[in-house]
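Structure first, commentary second.
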Amino acid sequence: MQLVCLDLEGVLVPEIWIEFSKRTGIPELSRTTRDEPDYDKLMKYRLDLLRTHKLGLPDIQKVISEMGPMAGAEAFLDALRRDYQVIILSDTFYEFAMPLMAQLGMPTLFCHKLEAGAEGFLVNYHLRMPNQKMEAVKRFKQINFKVIAAGDSYNDTAMLAEADAGILFHPPQNVIDEFPQFPVTMNYAELRAEIDKASARI
């Protein structure tokens, strides 16, 4: 029994915070863990910015719903789900991702939660658990799934290493250089071919 686990941002949809920053004209929201490695500090900074700009959850979801998946993502995922069980593992939040999930045919998504106050402003965030991508893959293996995982960035590499087969999708060069053990794919045709190859092997 095999299972394919895909990262979301950078694989099926644009990087949400960066794209959201562009669409709202708030450059400070493009800040990522590369700029601020303390994730808790970064998220509190983002939530404060959203409140300062009076962006409540409905406003945020409207902007995100206008983003759309990456070109070719919907067809790739539809075809993949015909042949494999697929689960999306992401460090985003359900409240951000659901407008995009609707455009992808509502695949199963494991991620985190945001908390909104009575006025609709985001007041807190809740991680499902630390290292949830890697931990999910570990648990899938414990219930006898062979897992193929694909992601695009450094924060996916623990998941890829834990999987029976890990694949990089359109990664930055520093990730390619640091993790030469993972095959590199640069488009959906290559990714599908590598998933099928891994499926035949594991």
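Going through the range 160-173 one residue at a time, which ones are part of a helix (DSSP H, G or I) and within 20 Å of Pro14 (Cβ to Cβ)? Hit for the range 160-173 is Gln173, nothing else. Scanning the range 135-166 for residues that are surrounded by fewer than 19 Cβ atoms within 10 Å (Cβ to Cβ) and either aliphatic (A, V, I, L, M) or closer than 24 Å to Met70 by Cα (or both) yields a count of 5. Within the set Phe169, Phe179, the sole residue that is without any contact (Cβ under 8 Å) to a residue 24 or more places away in the chain, among the aromatic types (Phe, Trp, Tyr) and either surrounded by 13 or more Cβ atoms within 10 Å (Cβ to Cβ) or on the phi > 0 side of the Ramachandran plot (or both) turns out to be Phe179. The residues listed here are Met134, Met129; of these, the one that is in contact with a helix residue (DSSP H, G or I) (Cβ under 7 Å, 6 or more places away or on another chain), at pLDDT 95 or above and not in a strand (DSSP E or B) is Met134. Within the range 95-126, restricting attention to residues that are aromatic (Phe, Trp, Tyr) and outside any loop (DSSP other than H, G, I, E, B), the residue that is modelled with the lowest pLDDT is Phe96.
The values are calculated or read from the model by the stated rules, or taken from the named source; none is laboratory data. Keep in mind that this is a model prediction, so the values were computed, not measured. Cβ: placed from backbone, ideal geometry, glycine included. Neighbour counts: every protein chain shown.
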